[in-house]
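The structure under discussion appears below in the form of structure tokens.
Derivation of every value follows stated rules applied to the coordinates shown; laboratory data play no part. Keep in mind it's a predicted model, so treat the numbers as computed, not measured. Methodologically, a virtual Cβ is constructed for each residue, glycine included, from the backbone with ideal geometry; neighbour enumeration extends over all protein chains shown.
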Amino acid sequence: QVQLVESGGGLVQAGGSLRLSCAASGNIVKIPSMAWYRQAPGKQRQLVATITNSGTTNYADSVEGRFTISRNNTQKTVYLQMNSLKPEDTAVYYCNADVIDATGSRYFTGNYWGQGTQVTVSS
């Protein structure tokens, strides 16, 4: 069973920084893509940033230049460094990954979510 566990959320003042982490566990063969999403109260979940296994990244316009996504393939972990935080960045942040895992001699491809971590930016 694949699991994603996030950490690093919290309360920070506007202009501050936070670093989120998400560790994947299970019988993982490969993680082609990892991403961070966020969901503010009363709003739809939105994509924040993505990173492929080879390190190609993509960002939402609203965080470009302030947030940096990175990953450690050996540790099966993805990070989100968030700088120059704004009150509008307040949301629950979710880790997401496309995972190829193995059970015996069979491979399975699935999309998984973490439980979410709260980020609150005060003005």
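Please report, in cubic angstrom per residue, the volume enclosed by the convex hull of the alpha-carbon atoms of the range 67-123.
Details: hull volume 5.2 nm³, N = 57.
Per residue, the Cα convex hull of the range 67-123 comes to 91 Å³.
Take every DSSP beta bridge whose two residues both sit in the chain; close to 90 percent of them are antiparallel.
Note on the range 1-108: dipole from Cβ charges, positive end direction compared against Leu20, Ser62, Ala102; the farthest Cα belongs to Ala102. Whole-Hz Karplus values for the range 71-87 come out as 8, 10, 5, 5, 8, 6, 10, 10, 10, 9, 8, 10, 10, 6, 5, 10, x Hz, taken residue by residue from phi with 6.51 cos²θ - 1.76 cosθ + 1.60 and θ = phi - 60°; glycine and proline positions read x.
Evaluated with a Cβ-only charge set (Lys, Arg +1; Asp, Glu -1), the range 58-101 carries a dipole of roughly 200 debye about its Cα centre, given to the nearest 20. Along its first, second and third principal axes, ordered by size, the chain spans 53, 26, 22 Å in Cα coordinates. Each other residue within a Cβ distance under 14 Å of Met82 adds +1 if Lys or Arg and -1 if Asp or Glu, for a net charge of 0. Can you give the local net charge around Trp36? Use residues other than it whose beta-carbon is closer than 12 angstrom to its beta-carbon, Lys and Arg +1, Asp and Glu -1. That works out to +2.
Excluding same-chain neighbours fewer than eight residues apart, the aspartates and glutamates reachable from Lys76 by a Cα-Cα span under 15 Å are Glu6, Asp98, Asp101.
If you place +1 on the Cβ of every Lys and Arg, -1 on the Cβ of every Asp and Glu, and leave all else neutral, what size is the dipole of the chain about its Cα centre, to the nearest 20 Debye? Could you put the intermediate results ahead of the total?
Details: 10 positive and 7 negative charges, 28 e Å.
The calculation lands at about 140 debye.
How charged is the neighbourhood of Leu18? Take every other residue with its Cβ under 13 Å from the Cβ of Leu18, and add Lys/Arg as +1 and Asp/Glu as -1. List each step's numbers first, then the result.
Working: positive: Arg19, Arg38, Arg66, Lys86; negative: Glu6, Asp89.
Net charge in that neighbourhood comes out at +2.
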